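Below is one structure, written out as C-alpha cells; comments come after it.
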Amino acid sequence: MSDEARRKAGEEILETLLGGTPQRGGALPDDFLDMTVDHVFGRIWARPGLELQERSMITLAALTVLGRENELRVHLRGALNLGIPKEKILEILIHLAHYGGWPVAVTAMRIAKESFESFDKKQQRS
C-alpha cells in the first residue's frame, strides 16, 4: 500500500470512528499525528482479518487494563459511533474486572458512564 493510500485509509477510519482526524497544530505534534493516521489507523486498523467493531472492543480492553483514561474516553466515543451497544461495552468492562483488576474496571465504568451521557446529549442535539 502506498503512503497516500495509507493516509486515505487512516483518514477514512478516523472519520468513521471519531468523526474526523485530529487537527494539525493541536495537542499532538504534526509528525506524531501523521504517524498516528498513517500507521496506527492506515496500516493497523485497516488490516484485513478484524472488523472495525472488533478492533474497537480490543482497544477498549487494552486501554482499560492499562489505565489509559484519556485515550479510553476517545475510544469509548468511537465504539459508540461504530454502533457498539452500551450494554456490550459494560459487559466488556465487567469481564475485564476479573482479568485486569477491579480498580481499573471501576475507573473504566465511571468513564463509560460519563461517555454514555455525553454521547446521548450529543445525539439529542442532532
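The numbers here are math on the coordinates, done by the rules we state, and not lab data. Keep in mind it's a predicted model, so treat the numbers as computed, not measured. Backbone-built Cβ (ideal geometry, glycine too); neighbour counts: all protein chains shown.
At-a-glance table
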read-out	value
Matching entry among Gly67, Gly19, Gly26 (being within 21 Å of Lys122 (Cβ to Cβ), touching a residue at least 40 places away in the same chain (Cβ under 8 Å) and either in contact with a helix residue (DSSP H, G or I) (Cβ under 6 Å, 6 or more places away or on another chain) or surrounded by fewer than 19 Cβ atoms within 10 Å (Cβ to Cβ) (or both))	Gly19
Boolean, Arg73 is surrounded by 11 or more Cβ atoms within 10 Å (Cβ to Cβ), over 26 Å from Ala5 (Cα atoms) and touching a residue at least 12 places away in the same chain (Cβ under 8 Å)	yes
Any hit, region 96-104, residues being of a type in the set (Gly, Ala, Ser) and under 25 Å from Ala27 (Cβ atoms)	no
Scan of region 45-75 for residues that are over 13 Å from the mean Cα position of the chain (by Cα) and of a type outside the set (Asp, Glu), ordered by number	Ala46, Arg47, Pro48, Gly49, Leu50, Val65, Leu66, Gly67
Test for Leu33: is it touching a residue at least 24 places away in the same chain (Cβ under 8 Å), out of contact with any Leu (no Cβ under 8 Å at 6 or more places or on another chain) and not in a loop (DSSP other than H, G, I, E, B)	no
Residues of region 76-108 satisfying the condition of being under 13 Å from Leu17 (Cα atoms) and surrounded by 13 or more Cβ atoms within 10 Å (Cβ to Cβ)	Leu76, Arg77, Gly78, Ala79, Leu80, Asn81, Leu82, Ile84
